[in-house]
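Student: Quick one: the structure is below, and I'll ask about it shortly.
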Amino acid sequence: MSAVELQSVSRWYGTVLGLSRVDLSLGSGVTALLGPNGAGKSTLIRLVSGQLRPSSGNVRVFGENPFANPSVAAHLGLVPEEEGFPPRVSGKDWVCFLLRLHGYGSTESSQRAEHTLEEVRLDTVAHRPVSTYSRGMRQRLKLAQAIAHHPDLLILDEPLAGLDPVGRREMIDWIKAWGNKGHSVLVSSHILHEVELMTREIVLMNQGRVLASGNVHDIRRLIDAHPHRVRLSTPTPKILAAQLLDFPGIRSISFSEEREQVELETKEPERFYELLANLALEEHITVHEMTSPDDNLEAVFKYLVEP
Amino acid sequence: MSRFWNSRAAVVAQWTFEKLLWSPRTMVMASVTLFPVALAVIFRIAAAVGLQVSFTGFGFFSVVTATVSFPFVAPMLALFYSSGIVVDEAENGTLPYLVTRPITRVSLLAGKMAGSLALQIAIFLPSLVLCFYVAVAPSGFQEVGSRFPTLALDAGVAILGIAAYSGIFAFLGTALRRPVLVGLIFVFGWQAAATYIPGFVRKLTVAHYLQSLLPHESLQGALSGLWGERPSALLAVSVLLTISLMTHALAILAFSRKEFAGRVSS
C-alpha cells in the first residue's frame, strides 16, 4: 500500500485554485515536491497532513482519509512552514508536550525528547526558551518534534528555508538518513540543486498542477538544454569578464564595474563552473557570490511550459 | 464521555493552564480582578479616617459584587481568555503542530477550554474572597461567619457565570476572526443596553440570570426597579448551565469542522 495516494484532487480557496486535479502516489524513501512559490506545494502538504479537505477528489494516507483523523496523525511527523512556537517555552518542554499528545507518559516523553534533541544537536540549549534560538536552531527544533515519535511518514514544508550552508547540509543529511531507514518522506522546496542532494524522486509542480514526476536528473537535463544564466559578484568584474570571454561555452557576457557584477549565459554550465574554480585558483580572482537565476524554478518552468 | 475528555485532553488542559498563568495577559487580568479589592481598601480607609460612609462592610461588598465584579470583571476575564484559545494558537503559528497530533479535535478544544476556564476561576475567586475579607472583616468574626454562606453562594454563581461567558466567547473565538471586538460589543453594548430595555429583551443576556442569583437581599430590593422581574433560582441556574453547555458544544463543533490553510501562499 502506498503511504500517500491522491486521486484527482482539487482544492479551491474561494475562487482561487490552489490545486488542480492532482494524481499522486508516494511510497517509501524521499520524494521532493518541487515548484516555485504559489505552485501548490503547501496546499498539497496541508491536504496530506489532514489540515485541509479537498474540494474534490480523494486523499488517502495509509489507506485512510487524513482530515482531522487521529489514527493517521499517529503515523505522521510534520515540519510546518510556519515559524511559530508558543511564547516562553523551552525546546524540551515543547517536544515533551507534543509527545504527550501521542500518548506517551511524562517520563517517556522526557526521555524521548532528550534523545531527539541530542540527535539534532540541541541538547545543550534544550532548557533555554525557544525565543532565544537562532533560525537554524528553531528549524532543528521543528525537525525534532516531527521525528521524536518515529513517524512512518515525515512531511517537511520548505525545511531548508533560512538555514546557513552548514545547517542546510545537516538538514539534507537528516532527511536522506530518514528516507534510507525505509520511512516515507515528503519534502517541499523551490531550490532544485538542494533537492538533487536529497533525492532522485521529484514531483514538479506549477500553478496547482503536477507538471511531471520522476527522476530529478531528467529535469536537470531539460534545464541544461537551455542557456544557463550565472551572476557573479567580484571586485574585478572587468578582469573576470575578459578571462571568461575565451571560454567557448559562453553565449553572452556583460559586466558592471559600479555594481561589481558579471552576468553571463552558458550552454555548458558544468564545464563553466569547473573553469571558474580554476580561474579563481590560478589567476587569484576573487568571487564573493555566485547565483544562478536559472536554478530558481520560476525560470525552469518558463522553459517547460513556454513553447 | 471519553470522546470529550481523556488523558490527552487533560495534558492539553494542564499545558494551557500553565502557559496562560505565566503570560502577560494574566498580569493584566489579575490587575483588573484586583480592582474590586482596591475599592474595598478605599472604603475601609474612608471608614477608618472617619469619613461618613453609607454602607456597612457587607453592604459595600454587595454593591461592588453586583456592579463591578459580576457585570464587568467576570465577562472581561472570560472574553480575554476564552476568545483567544484558537486565535492565539493561529497567531503564534502553533496550530499545525496541534491539529496534526493523534488527539481528536473535540478533546483538543475541550482540554484548551478546561485549562482556560480553570485559570479564569482561579483568578476570579481569590479576588472575590479578598474583597469580602477587606470589606467585612473589620466588622468582626461574627459578621464574617454569618456572611460566609453568602460569599460561598457568590463563588458558586461566579463559576456559573464565568462558564457561561467562557462558552460564548470560546464559540466566538472559533467561529470569528475578530472575536474580541464582537465580545466587547456583546458585554458593553448589548448587555448594558438590554438591562434598560423593559420586557423580554433583558432575558437574552447572561447578566439577567446572574443578577437574579446574587444572594444579596438588600441589593435585590434596591436594584429591583432596574433589573426588573427576576427569574426563579432554578430557572436561572438551568439557563446558565444550558448556555454554558450549548456554547461550549458549538465551539467544539466549529473547531472540529475548521480547516487550517495557513498563509495560503502555495
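Student: If you check B:G59, B:G115, which single one turns out to be part of a helix (DSSP H, G or I), touching a Ser or Thr at 6+ places or on another chain (Cβ under 6 Å) and small (G, A, S)?
Tutor: B:G115
Student: If you don't mind, another one. With respect to B:I162, determine if the residue is buried (at least 23 other Cβ atoms within 10 Å of the Cβ), in a helix (DSSP H, G or I), of a type in the set (V, I, T) and modelled with pLDDT of 95 or more.
Tutor: It is true that B:I162 is buried (at least 23 other Cβ atoms within 10 Å of the Cβ), in a helix (DSSP H, G or I), of a type in the set (V, I, T) and modelled with pLDDT of 95 or more.
Student: Return yes when A:P36 is assigned to a loop (DSSP other than H, G, I, E, B) and surrounded by 19 or more Cβ atoms within 10 Å (Cβ to Cβ) and no when it is not.
Tutor: So A:P36 does not fit the description; no.
Student: State whether the residues of the range B:71-88 include one that is more than 27 Å from B:V12 (Cβ to Cβ), at pLDDT below 95 and surrounded by fewer than 17 Cβ atoms within 10 Å (Cβ to Cβ).
Tutor: yes
Student: Do you know which residues across the range A:161-194 are modelled with pLDDT under 85 and at negative phi?
Tutor: A:A161, A:L163, A:D164, A:P165, A:V166, A:G167, A:R168, A:H190, A:I191, A:L192, A:H193, A:E194
Student: For the range A:157-193, enumerate the residues that are of a type in the set (G, A, S) and touching a Ser or Thr at 6+ places or on another chain (Cβ under 6 Å).
Tutor: A:G182, A:S184
Student: Within the set of pairs 6+ apart or on separate chains, which have a first residue in the range B:79-105 that is more than 8 Å from chain A (Cβ to nearest Cβ), a second that is buried (at least 22 other Cβ atoms within 10 Å of the Cβ) and among the aromatic types (F, W, Y), and C-beta atoms under 6 Å apart?
Tutor: B:L79/B:F169; B:S82/B:F169; B:S83/B:F169
Student: What do you reckon, is A:E257 among the acidic types (D, E), under 17 Å from A:R229 (Cα atoms) and in contact with a Pro (Cβ under 9 Å, 6 or more places away or on another chain)?
Tutor: No: the conditions fail for A:E257.
Student: Go through the range A:78-115 and give me each residue that's crowded, with 20+ Cβ neighbours inside 10 Å and among the acidic types (D, E).
Tutor: Within the range A:78-115, A:E81, A:D93 qualify.
Student: Taking the stated definitions as given, is B:S62 more than 14 Å from chain A (Cβ to nearest Cβ) and either among the charged types (D, E, K, R) or more than 22 Å from B:A164 (Cα to Cα) (or both)?
Tutor: No.
Student: Do any residues in the range A:229-250 that are among the aromatic types (F, W, Y) have Cβ atoms under 8 Å from those of residues that are surrounded by 17 or more Cβ atoms within 10 Å (Cβ to Cβ), where the two are at least six apart or on different chains, and which pairs are they?
Tutor: Here the result reads A:F247/A:T266; A:F247/A:F272; A:F247/A:L275, each pair linking the range A:229-250 to a residue that is surrounded by 17 or more Cβ atoms within 10 Å (Cβ to Cβ).
Table: residues versus (1) more than 10 Å from chain A (Cβ to nearest Cβ); (2) among the aromatic types (F, W, Y).
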site	(1), (2)
B:S7	no, no
B:F17	yes, yes
B:V28	yes, no
B:V37	yes, no
B:A40	yes, no
B:R44	yes, no
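Student: Identify all residues within the range A:78-123 that are more than 9 Å from chain B (Cβ to nearest Cβ), in a loop (DSSP other than H, G, I, E, B) and of a type in the set (A, V, I, L, M); write none if there are none.
Tutor: Once the filter is applied, which keeps residues that are more than 9 Å from chain B (Cβ to nearest Cβ), in a loop (DSSP other than H, G, I, E, B) and of a type in the set (A, V, I, L, M), the range A:78-123 yields A:V120, A:L122.
Student: Which of the residues belonging to the range A:36-51 are closer than 23 Å to A:H183 by Cβ and not polar (S, T, N, Q)?
Tutor: A:K41, A:L44, A:I45, A:R46, A:L47, A:V48, A:G50
Student: If you go through the range A:124-139 one residue at a time, how many are touching a strand residue (DSSP E or B) at 6+ places or on another chain (Cβ under 7 Å) and away from chain B (no Cβ under 14 Å)?
Tutor: Residues meeting the conditions: 3.
Student: Mind listing whichever residues of the range A:110-145 are of a type in the set (A, V, I, L, M, F, W, C) and farther than 22 Å from A:E81 by Cβ?
Tutor: The answer is A:A113, A:V125, A:A126.
Student: Now for a different question. Within the range B:1-47, which residues are among the basic types (K, R) and over 30 Å from B:L253 (Cβ atoms)?
Tutor: B:R44
Student: While we're on this one: Please give the number of the condition A:K142 fails out of (1) more than 18 Å from the chain's Cα centre (by Cα); (2) of a type in the set (K, R); (3) closer than 14 Å to B:G93 by Cβ.
Tutor: Going through the list (1) more than 18 Å from the chain's Cα centre (by Cα); (2) of a type in the set (K, R); (3) closer than 14 Å to B:G93 by Cβ, A:K142 breaks only (1).
Student: Further, regarding this structure: Consider the range B:38-56. How many of its residues are loosely packed, with under 15 Cβ neighbours inside 10 Å and part of a loop (DSSP other than H, G, I, E, B)?
Tutor: Total meeting the criteria: 6.
A quick yes/no check of all residues on (1) under 24 Å from A:M198 (Cβ atoms); (2) surrounded by 19 or more Cβ atoms within 10 Å (Cβ to Cβ); (3) more than 9 Å from chain B (Cβ to nearest Cβ):
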site	(1), (2), (3)
A:G27	yes, no, yes
A:T31	yes, yes, yes
A:R46	yes, yes, no
A:L76	yes, yes, no
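Student: (1) surrounded by 18 or more Cβ atoms within 10 Å (Cβ to Cβ); (2) within 9 Å of another protein chain (Cβ to nearest Cβ): which one isn't true of A:R60, the others all being true?
Tutor: With (1) surrounded by 18 or more Cβ atoms within 10 Å (Cβ to Cβ); (2) within 9 Å of another protein chain (Cβ to nearest Cβ) applied to A:R60, the lone miss is (2).
The values are calculated or read from the model by the stated rules, or taken from the named source; none is laboratory data. Just so it is clear, the model here is predicted, and its values are computed rather than measured. Neighbour counts run over all protein chains shown; Cβ positions are idealised from the backbone, glycine included.
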